[in-house]
Structures are given as structure tokens and as C-alpha cells.
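The values are calculated or read from the model by the stated rules, or taken from the named source; none is laboratory data. None of these values were measured; they are calculated from a predicted model. As a convention, Cβ positions derive from the backbone with ideal geometry for all residues, glycine included, and neighbour counts pool all protein chains shown.
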4 protein chains.
Amino acid sequence: MVTTAKTKIGVLGASGYTGADAVRLLARHPGVAISALTANTHAGKAMGEVFPHFFALDLPALTEWETVDWTALNAVFCGLPHGTTQEIIAAVLKANPAIKVLDMSADFRLRDPADYAHWYGHEHRALALQGEAVYGLTELYRREIAAARLVACPGCYPTAVLLALVPLVRAGLIDAHDLVIDAKSGVTGAGRGLKQNTLFAEAGEGLSPYSVATHRHAAEIDQEIGVAAGVPVTANFTPHLIPMARGELCTCYVRLNGASADDLRAALERAYRDEPFVHVAKKGVMPRTQNVRGSNYVQIGVFADRIEGRAIVISTLDNLVKGSAGQAIQNMNLMFGWPETMALEQIALFP
Amino acid sequence: MVTTAKTKIGVLGASGYTGADAVRLLARHPGVAISALTANTHAGKAMGEVFPHFFALDLPALTEWETVDWTALNAVFCGLPHGTTQEIIAAVLKANPAIKVLDMSADFRLRDPADYAHWYGHEHRALALQGEAVYGLTELYRREIAAARLVACPGCYPTAVLLALVPLVRAGLIDAHDLVIDAKSGVTGAGRGLKQNTLFAEAGEGLSPYSVATHRHAAEIDQEIGVAAGVPVTANFTPHLIPMARGELCTCYVRLNGASADDLRAALERAYRDEPFVHVAKKGVMPRTQNVRGSNYVQIGVFADRIEGRAIVISTLDNLVKGSAGQAIQNMNLMFGWPETMALEQIALFP
Amino acid sequence: MVTTAKTKIGVLGASGYTGADAVRLLARHPGVAISALTANTHAGKAMGEVFPHFFALDLPALTEWETVDWTALNAVFCGLPHGTTQEIIAAVLKANPAIKVLDMSADFRLRDPADYAHWYGHEHRALALQGEAVYGLTELYRREIAAARLVACPGCYPTAVLLALVPLVRAGLIDAHDLVIDAKSGVTGAGRGLKQNTLFAEAGEGLSPYSVATHRHAAEIDQEIGVAAGVPVTANFTPHLIPMARGELCTCYVRLNGASADDLRAALERAYRDEPFVHVAKKGVMPRTQNVRGSNYVQIGVFADRIEGRAIVISTLDNLVKGSAGQAIQNMNLMFGWPETMALEQIALFP
Amino acid sequence: MVTTAKTKIGVLGASGYTGADAVRLLARHPGVAISALTANTHAGKAMGEVFPHFFALDLPALTEWETVDWTALNAVFCGLPHGTTQEIIAAVLKANPAIKVLDMSADFRLRDPADYAHWYGHEHRALALQGEAVYGLTELYRREIAAARLVACPGCYPTAVLLALVPLVRAGLIDAHDLVIDAKSGVTGAGRGLKQNTLFAEAGEGLSPYSVATHRHAAEIDQEIGVAAGVPVTANFTPHLIPMARGELCTCYVRLNGASADDLRAALERAYRDEPFVHVAKKGVMPRTQNVRGSNYVQIGVFADRIEGRAIVISTLDNLVKGSAGQAIQNMNLMFGWPETMALEQIALFP
């Protein structure tokens, strides 16, 4: 199952939660060796100092990204902040054009540079690469990802929303212009940076909406729903911060095009019949974040609404796994020809 | 401020969270004496055995409700399960027609007996009392409550939703037929009964929708929005269980009748200008449950949506206080002529 | 009950949790007016921006401490970091020698300047004031506090530990030289400053010891147990960070001087018979932080150990109330001649 | 890696947390097939109804244990309540003497039948089997376990405590008669049964000691420390319920026999040098439950005390993995000749 020479992996931005979850999963992947870890603010430290739960792993020390020998690597996972990401990836690919890049930032997700400039406040600085990048939602773009050099892994919210809605929009079962998406995320979605609102005493035992009607993930949702619908779309998207570390659940309120909730469920079942990680819940079964914690699975449920002609589609995943590092590894498996589920078969940790 | 003879209060169902929060607040109310506490399954026990946080209070022991001398009481708070409530209250009022009843159950909230029968699965068994009961949403029915003998305090969700939406529907600013209400509640909303899904290990670190499109509080919301709109209404209502003990937040997605989000905010500010407990957040300020925990306050915010012609109205309260026991005490204050805020001025406990 | 002219209060360091809890309680104290709030890093902001749960209060804006008119104040609560506190209080008392100071920092708690220098890493810079300061553990030093100008309110852990152990040491019932104190605190004990280990995703769903055998509160415990014993004492003291916001519980393992656990309980009951806030749990009743959350109460329980000749004394309180702001207000009440319980009678918020 | 014929496993008591965690791990074990799952109160249900996070697994339906064909099984994991366990295991072994039994209950842990009768309130009903059973603390009894038919896996607390203290007692470095063990556990330690004190609203945001000086795990600790010391021992053991689902941390206060804390650490390092799952933290590194959540690892740290001649030994593990199901699988791997770490290499899930 494992070739003698392991594929050499670098993780850039390994001191964030996304980078750490990539390391957690890659460390047990039989095909790869973690050969470089970068975190500029922690350069020189052992990974186990920055993430003590890695005490049992033998990992390379953290370095600055500028000192990495890219020619020694076969792939990099990039968990850096947006903006700097595009410059670093451009430099990496210049140094080693054969390297494969799994970007977990937002830098290459938006197809339209104007869109990027609008949402991120500056012109894109690696336009050619943006043109090359493939949107890394595995179930929608599997073939393109397998052939790609640079994969822009989607945001956690878009992953949950698009897996729930794209097959329904494609099939014309719902109205793409009347989408209300109430999104809820655990606190790791905000990253490991020090912010007052993610302190335990602030975020615990309470619930707060945030970035109402202004969250950047809306741009990805509009883009991909628009692709599915064939026309530009603007969706409502309203995120809430929930007192839990991991997990995300999107409650999508949709208007039916003559279809029933059962029709929607059937369409999703058809779409995901052969997918290893996307599960459509049986009628009456409630998706919940507990079912997917720590795993690469997505669970989707469909419910009839009280209002005639409307339905409710609920989608849940672990924002750090299928919503980020896990999906990146799933894409890596595709790109290197491994079984798509390799290193990702861990069942949800419940309780 | 306090008359020499204290008003004598009984709390029925004192072993539930709602009853306990009534006791917590009533114990510090200068006008009342807690004279009877009932909990049939715990009869004979001290209240401090059932709720150890009352160790410092000198409270009557728990008894069966059948043994209470109603003629010695001026008012009762009723935190019993629905169904049995109507029979007990009928018996209480028969024994002491002058007693005032603050019912925190669902038994007298629905004006239409057919509605009650539909949602609760049996014919109402105290129809005359249902006709007499006043819906106890203080800010909407203050005058009727002040004169009432039997007040049906609203459910926690309806309190949050109706305070946010009724002024807007009354003013014709939003479409009463396109209301999507995504509701989130802490676990105390499910009561103190033993259920697997409210165990710490099940409800903690996770989030789950429940009673999607079937929750009984929808009936109250339909009813009172319908009163405001002057026509029957069916609203979407989708509750979610959040890993926190107290607190509730409803995100209401509304379609505007030509108005703007600012118009909505202005209308709410007008409606609640003189209200002690309902606060409309300034533009850009986010309501969050942390702001109201343990207090009788409601906080409402209004936001423009990304979708043209839509807005988002967010309302939050503590489900056990303004959503139940606190509002009942607010109503009691009205009924007995005390300042409406008496015993309710506690600021939110944050963190 | 209230004099016409309210006592004017300033709260220094009002942007911390301790300062905020002082404001929460003082805002409902009938004898006082909050006249100044300082927070140098937030000067110019409204208090409701820094602590949104104060939306309903009409409070002075935050200022720099240097701009406060001390002559207009009757008392100040000081929730500043140690070190700077002593300099600011010296300046305050120079400007207004009649002002009363409730210091919630560590600056004036240690009687011996050498002790201070050892634990805090620098010479004390207000030695005369340190000589004047009274250790503000109300139940032990009530008379001195009533007459004091400067009260050094104890740390949260020492409050819990000393109330549990001092009466037992004074009575010679336990060995002051064999004290093992396993202490557990909620995350607010670490303050509102931005630290990685108090992020929700780090501190939640986990438990970690910290400052093992090096925590500064040990100095206060040694000092006051030493006073009670009449000889210098060194106690074990091992704190742990618990995933809850408020609350503290100390499990004290003691060696008996021929006494029994029942003797210990009886001694504590005698010591606290007339105390409004210290409750000795009946035999078999377990103290727990839930019983005191948000309140000024302390609950203490005594248990026989499995090891012959040993017992376990357990003490719990809310670290921000009796462990800090509440005890400071209790002391203020003493210093101004109000009933000691004024503004502090709030029952624990449970759940 | 996998033999063609998989080893057939039954899990008895699969509706409890311990049984479920065995299933979670066994489902990804390459050597085994889960062939039978029992849960008498849920017989007939799919496992995914009882534990929805197993939605992606193809598992046998739950049955009553009486209907299992034991002859078709090679091993059973037993997660049943104590008392009934011994009768069921006796029946199983009678039906299939060649089956291997991994018991996760308390029934076969105590070597002395009088001890069992004392702590569990009735005479042991399978004395011959108790004589045969091996105490399944892998690192202490590896050889015996490899040869055993019936392994009594230790309690979660004893696993943490004994791994920390036995090497120190064996080496004579600490006094076996002065052990104070302050233990903290997450709520899953109490099982999935419906109890008021494990409801989210009761156990959350609070901390409570329980079973002080009466917890049954003390019997195992006494027994095995006694074996190591060569004399009977009585240890203090004081458990506390912590608001987290998984994880356990024991803070052990020990008296040194002339040794230093560094000597203790060195002794532990020697004892566990070649152990895959027991890690001794470097000087100054703090064990914490976050480091082991969901994993089979144990982390132990040693600290000098403030009291001369004393030290503090801290041990942490996941109560459902190394404290129960994981250790049982580790033992199964030994008994069937697989690598000891098989299916157990999962890194801690943090955050």
C-alpha cells in the first residue's frame, strides 16, 4: 500500500489550528513524510512546544518559510493568512514548479479577480496562479483536482453549504435567488490568534451572531451557486459563533420549484450515492455536529417547512477536517493517486 | 416601599428550572413571602436538597400540590407540565377565586381551543379559564395583564420573536407571510427532566436542530403575529439546541415592504422607548445571549441583508428569566401595583 | 435606607473582569453612585462598548486614571495589575487623603516587604501604605476593616482556603505544617488579557494544572495560616484551570491533631454561626461551584479521609464575587456603616 | 497486514460510552470484524440509532446478549454494569471456553473476594474466574495478559494513578502510606445512564467533588500499590466531576523517601522508555487532558513541592480510551499477537 519512498510534505503555517489538524492527519498517512513545518513567529521551536498534544510525534522543528528547501518537497499544505499566501505560493511554485499546492487559505478561491479585490480589499497579486487554481470542493471538481497543481480548498462554510445546495440548484429543484443560510460555527473557525471574543470567558456559555451580511465566505457561496444556476446569485449568509471548539452546521431555508422535501432528499441521495464522505440522513434523522467531530464526514438532512413551498436543508461538518485540512488531504490523495479515503477514515469522536 | 403584610406566594412545580428561577427572584422581592412550594415527586424534601444553591434561603419544604391551603395565598406561579396545569389551576381558582395565577406552562396561551387540541393532542379541559386568560407578553398586553386574574406567560421563543416582530408587522413594514425564524436555545429550555439528549456528554461541544417545523411554540408565534397582521399567518420556526445552559437568540429573516433596515430599527426604538426591559441595539451592535444572562432584559438588533429587500432582526433573552420566571414576576408586579421592575433589576451575569 | 447624597465611587481598571463585576454590583447598590470609571487602554469609550452586557446602565465613560478628580470621590475600587497599583494608590491618597481604597490587586496583601519583593520581583514602592493596609478578609478582620482607609482584599484562592482552614488552625485541630491544597479555578481567574491558554478552543473541554508550587497566592496562604498558627508555615498549593468561567473550589487535605472530621465541622459552624456569607454544609452535603456562582457566598464542607488521622476540607466561592469584587463591596459596606450584605444578597445563578 | 480471516469480535453493552468507544476503534482495526453487538434495552435497533455518529459504519444490529452465538466469536469486549457482568461472562466462557474476554467492568479487578464483597455489596458469583482473571494494566502485566483468557481491564482512575505511582513505590522512592490523590474526571466517566447530576445544565460551568473517600476505584489503587509496596496500603482518593466530556487528570501528592522530584522523573523515564503509550513529560512541561483526548496515550509529569520532602506527580489520560476501551484493545492486540499499537495510533484530537 505504501511505496518505499514517501511523498515529502511541507505544512506552511503549522502553528494555526488548520495547520495542526493537517499534521494530526498526515502524521498517520502511510504514503507521506512530514518534511517541513513553518511558522514564522515560532521559528526554532519544536512543534510539541506549540501544540503539546503532539508530544508523541517525531516532527521537524518549525522554521521560517523563507528557509525551506522547496526542491526537496513534493507537496505543500498552506494554512497561512490570506494576502501573504498568494505571494508565498507564487515564490514556492517559482522555486519548484513541480510541487503540488493544497491551499487552505482564501487566496485562490474566487475566480473573478474583481470579486477578490472587492472582498479582500486589494488587487490580487498572483493573477496567473488564480487562473490556474482549481476550486477544491472534492465532490464537485474531482476530475479537475486530480489533474491540478494548485488547489484552492474551499472555506468551511462554503463546503457545508455547497454540498447541500449545489445538486438541488443544478437539478432546478430550488430557487437560487431565495436562499437564506443561517450558519453556526465552533470557535476554532476564528483561528488561534488572540482575540477577545474567542476567550473562554467571552465565547463560553453564550451565542453571538457575527459578520452579519458581510462574511467573506458569502462570496464563495454566491460564486458556486451561480455556477450551478448559470446566473449570478446573491444569497443570505448569517454566521453565528457557538460555544464549542469544532463543528459547523448550516440551516438553509430554500424555496421549492414545485418539488417536495422528499424530492430534494432523493436528489441528494443520487448525487452522493458513491461518495465516501457525504451522507444524506434518512427522513427524520437530524444532522448534528456531534456526528462528525474530528472526522471528514458531512451529514445532510432535508425537512419540509411549515410554510407551503419551502424546505429546510441542514448540513454539518467539522470545520477543521472536511471544512479544511481533511478536505485538503482528500484532494492530495486524488492528486497523488492514493485511495481518496486514505488517512481520513477516522470515525467521529463522540462524546 | 414594602407594605407590612407581605403578599403570599406559592410556586407550583418548584423542582423545575422555571420554578427555581421564580424562587431565586421572588426570594429577594421586598413585597412578597414565599409561602408554599410544591413538587409532587419531591414532597417532603427541603428545597435546598433539590436545588442546593438555595442553601442560604429559609424556604418552606416541598409539598404535594393537593395539600396546599390556597386560601392562605395571594398568588401562585405555576411551572407545571402542560395538560395537568389546566386541571390544577381550575382547582386552585375554585378553592380561592381571588388568587392571582401566573402560569408559565403552555396551557392557556392559545386563544383558539382547536389550536390547543391540534398542538397538544387533547381537548382543552378548562375552556372557561382559557377564555379568561390574558396572554402575558407584558409589553404587548400591559393593560390587560394589570387587570387579569389568570395570566398565560408566553413561551421563551415567542417572547423573543414577538417582541422583535410584532411592532414591525403592526406598522406594515415587513411581510407577515415570509418569516423565517432560526431559533437557538440553551439546554435549560428542555427542562430538568432526565433525557439522553440533554446529558452533558451529549449536548456539550455540539449543536443540533430539533423539532424542525414541528415545535409547539410556532403556534403562539402564528397566533400573535396573526393578531398583529390581522390575518392568519404561518411562520417558519426552526429551533436548535446550543451547548450553553441559559440564553436564547432568534435570528429572524424578514422581507421588507419597501422599508429599510434603518426604518425597522427606528420603529422598534419608538415602540420600546419607555420600556424598562427591551433594548434596541444601536446600528452595528450585535445582540448576544451573554448580554442578558440571568437578567430580565431583551436585546434586539436589526441588520440589512445582502439580498435586496430583506432584513435580519435578531432578538435575545434569558429563557428562564424574561422567557419565563422573570416575565411572570414582571406581570405579578403589574397585577399587584408594584413598580414593574421590582426584583428584576439584576444586571446580566457576565462572564 | 439610602441617604440623600450618594457616596461617590470610582472604579479603576474597569475594563477587567474584576472591575466589571464591581460595576455590576455597585450599579444596584442603593447607597452609591458610580462617578468615575478608568481603563487607560480604553479611555474615551463607553463602558457598554467594552462590556456590552451593561447596555441598560447609564455609566460614566472610561477615562485615563490620571484625569480623575479624586477630590470628588469618597471611595475607589482598584482592579489594576500589581506593581502599578501601589503607585496609583499612593497618588490617589496623596490627592485625597480622606478617600477610602478597596484594592483588589495583590499589592498590599503581604505584610512583610521582603515577602513582596520575593514573590513579585521588585521592592515595594509604597512601604508606608503597606504598613497601613488591612488584609481584607472580612470574616477574619472585620473590626480592622471597618476602621481602615486602605483595604487589601485577598486573592480569590486565599479567601477560599483561609475561610476553610484558619478557624481549624486557630483551634489547634489540624497540623499547620501538613497542608495539601488542591485548587481549581474557572478561567476568569486569569483575567481578560489575551493569552493563548485562555482561548475557548484551548481551555475548553480540558483541564490543566498551572503554576504548580509557584503560584503567588501561596504567599498569602502561608502568611495568614502562619498568623493563625503563630509560627511560619509553608503549605502545598496546586492550582488547576477548569473549563468554566467562574467559580473556584479548594480541596484541602489536612492532618488531624487528634480531632475528628465532625470536630472540624463543629468548629467551623461555631466560627461562622453569625456570618451572612459563609455557610458550612451539613455532613454529607457536597460543596460545588454551581451553588455560589454569581453570589457572595462561600460554602465549606468537611469529610473524613480514608487515611486514619486525616480529613478533607472543601471550600468553594465565586472568584469574581466573594473572591474579589463582592468581598470588596462587603468591606466597603463595613467602612461606610451600611449593612454588610447591602447589594450582595443575590442568590447564585443556577443553572 | 491483515490475515484473510478476520478475528470475530462481540461487544457486550454496546449502548454505553465505553462500548461505543470500543466500536469506534475496532471498526478501523485491520485484524478484526465486529460480529455481534448487544444492548438488551435497545435490542433490535441499529447501532446508528443509538449512536448516530456511526452513520457511516456497517454494523450488526443490537441484540440481547442471550441470543448471541458465542461459538462464532473469537473475543468479546464487555462493557456491562458490574454484578451482571460476572454472570454473563461465566455463561459466555461456558458456551465457548476458547473465547477471549476483555472485561471493562469492575467485576474481576479485585483479587481478594472479601474486598469485592466489601466494595460491591455482595459475594462474588464467579470465584473461579476471578482467580483466573489477569489485571489488565498493560504496562504492568504485559506477559500475563498475553497469555490470559480473561482480562479485567482496570478502572480509568487506577490506570492513571498506578502508571504514575507504581514504579515509584517499587523503587522505594516514595512513601506508600502517605498518598493523597486528587482526581478529576470528565462527565463520561459517569456513563450514559440518565442521572440528574450529569445533565448539561447541572454539570456544565461548575465543578463538584463526589464520592469523597468512598469511591470504589480506591480499592484497585490500594490493591496494586499494595502489591508494589509489598504491604497493605490505604490511599486518599478524592474524585471531582469536571465540565468536560472526556479526560481525566490525577494530581498525586507524595512524600519522598530521600529522593528528589528529578529522581522520580528519572525513574518514570526508565520505566516507560520503551512504552508506546506512556510518555513522561520533560521537566516543566505540564500534563493536561487536552493532550490525550481521544487517544490511547498517558502523560505523566513530576514537580517538586513547596513543602520540603514532598513532590507532586500528575497523570492524565482519556478515560474512555486508555482508561477503558483503548486499553482493552491494547490488551487484545497482545492476546492475539498483533502489534500492540494497532488501531490505537490516533493522535489526540485538539482542539
For segment D:85-122, how many residues are under 18 Å from D:Glu64 (Cβ atoms), more than 19 Å from the chain's Cα centre (by Cα) and not hydrophobic (A, V, I, L, M, F, W, C)? 3
Exclusive hit being touching a strand residue (DSSP E or B) at 6+ places or on another chain (Cβ under 9 Å) and closer than 30 Å to D:Gly284 by Cβ, set A:Ala72, A:Ala133, A:Ala27, A:Ala106: A:Ala27
Residue that is surrounded by the most Cβ atoms within 10 Å (Cβ to Cβ), among those in segment B:188-216 that are in contact with a Leu (Cβ under 8 Å, 6 or more places away or on another chain), part of a loop (DSSP other than H, G, I, E, B) and within 9 Å of chain A (Cβ to nearest Cβ): B:Leu207
Extreme residue, nearest to C:Val92 (Cα to Cα), among residues of segment C:141-183 that are outside the structural domain of C:Thr234 (by TED's automatic domain parsing) and either surrounded by fewer than 20 Cβ atoms within 10 Å (Cβ to Cβ) or at pLDDT below 95 (or both): C:Arg149
Which one is farthest from the other protein chains (Cβ to nearest Cβ), of the residues in segment B:174-187 that are of a type in the set (A, V, I, L, M, F, W, C) and within 23 Å of the chain's Cα centre (by Cα)? B:Ala176
Is it the case, given these coordinates, that A:Val233 is touching a helix residue (DSSP H, G or I) at 6+ places or on another chain (Cβ under 9 Å), surrounded by fewer than 24 Cβ atoms within 10 Å (Cβ to Cβ) and either in contact (Cβ under 8 Å) with a residue 12 or more places away in the chain or not in a loop (DSSP other than H, G, I, E, B) (or both)? yes
Lone qualifier among B:Thr85, B:Thr71 - being closer than 15 Å to B:Ala133 by Cβ, among the hydroxyl-bearing types (Ser, Thr, Tyr) and free of Cβ contacts under 8 Å to residues at least 60 places away in the same chain: B:Thr85
Residue set C:Ala343, C:Ala328, C:Ala304; condition within 27 Å of A:Gly204 (Cβ to Cβ), surrounded by fewer than 24 Cβ atoms within 10 Å (Cβ to Cβ) and touching a residue at least 40 places away in the same chain (Cβ under 8 Å); output residue C:Ala343
Subset of segment B:288-333 that is facing chain A (nearest Cβ under 8 Å), closer than 14 Å to B:Ser185 by Cα and assigned to a loop (DSSP other than H, G, I, E, B) - its residue that is nearest to the chain's Cα centre (by Cα): B:Arg293
The lone condition D:His53 fails out of (1) of a type outside the set (A, V, I, L, M); (2) farther than 27 Å from A:Val292 by Cβ; (3) at pLDDT 95 or above; (4) touching a Phe, Trp or Tyr at 6+ places or on another chain (Cβ under 7 Å) is (2)
Given the options C:Leu37, C:Leu12, C:Leu62, name the one that is more than 11 Å from chain B (Cβ to nearest Cβ) and more than 22 Å from the chain's Cα centre (by Cα). C:Leu62
The lone exception for D:Gly337 - which of (1) within 18 Å of D:Thr138 (Cα to Cα); (2) within 10 Å of another protein chain (Cβ to nearest Cβ) it fails: (2)
Of (1) under 15 Å from A:Ala20 (Cα atoms); (2) under 25 Å from the mean Cα position of the chain (by Cα), A:Ala56 satisfies all except one. Which? (2)
When every residue in segment A:40-78 that is farther than 28 Å from D:Val298 by Cβ and among the aliphatic types (A, V, I, L, M) is compared, the one surrounded by the fewest Cβ atoms within 10 Å (Cβ to Cβ) is A:Ala72
If C:Arg265 meets every condition in (1) assigned to a helix (DSSP H, G or I); (2) surrounded by fewer than 17 Cβ atoms within 10 Å (Cβ to Cβ) apart from one, which number is that one? (2)
Residue pairs within 7 Å by beta carbon, gap of at least six or interchain, first lying in segment B:266-285 and facing chain C (nearest Cβ under 10 Å), second loosely packed, with under 15 Cβ neighbours inside 10 Å, listed first then second, are B:Pro276/B:Thr341
Cβ-Cβ under 8 Å pairs, at least 6 apart or on other chains, segment B:19-37 side assigned by TED's automatic domain parsing to the domain that holds B:Glu64, far side aromatic (Phe, Trp, Tyr) and in a strand (DSSP E or B): B:Gly19/B:Phe77; B:Ala22/B:Phe77; B:Leu26/B:Phe77
On the given criteria, is D:Thr234 within 30 Å of A:Glu205 (Cα to Cα) and either at pLDDT below 95 or within 9 Å of another protein chain (Cβ to nearest Cβ) (or both)? no
I need the full set of residues from segment D:169-187 which are in a loop (DSSP other than H, G, I, E, B) and of a type in the set (Asp, Glu), in order please. D:Asp175, D:Asp178
Among the residues that make up segment A:119-130, is at least one of them touching a residue at least 60 places away in the same chain (Cβ under 8 Å) and crowded, with 23+ Cβ neighbours inside 10 Å? no
Output yes when any residue across segment D:155-168 is closer than 28 Å to B:Val187 by Cβ and either more than 9 Å from every other protein chain (Cβ to nearest Cβ) or not in a helix (DSSP H, G or I) (or both), and no when none is. yes
Is it the case that A:Arg255 is within 14 Å of chain B (Cβ to nearest Cβ), over 30 Å from B:Ala201 (Cα atoms), in contact (Cβ under 8 Å) with a residue 60 or more places away in the chain and not aliphatic (A, V, I, L, M)? yes
Pick out, from segment A:14-132, the helices (runs of 4 or more DSSP H) lying fully within it that include 3 or more residues that are touching a helix residue (DSSP H, G or I) at 6+ places or on another chain (Cβ under 8 Å), β-branched (Val, Ile, Thr) and farther than 26 Å from D:Ala343 by Cα. A:84-95
Could you identify the single residue in A:Ile221, A:Ile242 that is at pLDDT 95 or above, crowded, with 24+ Cβ neighbours inside 10 Å and more than 9 Å from chain B (Cβ to nearest Cβ)? A:Ile221
Is there a residue being more than 15 Å from B:Val11 (Cα to Cα), of a type in the set (A, V, I, L, M), touching a Lys or Arg at 6+ places or on another chain (Cβ under 7 Å) and assigned by TED's automatic domain parsing to the domain that holds B:Val23 anywhere in segment B:100-107? yes
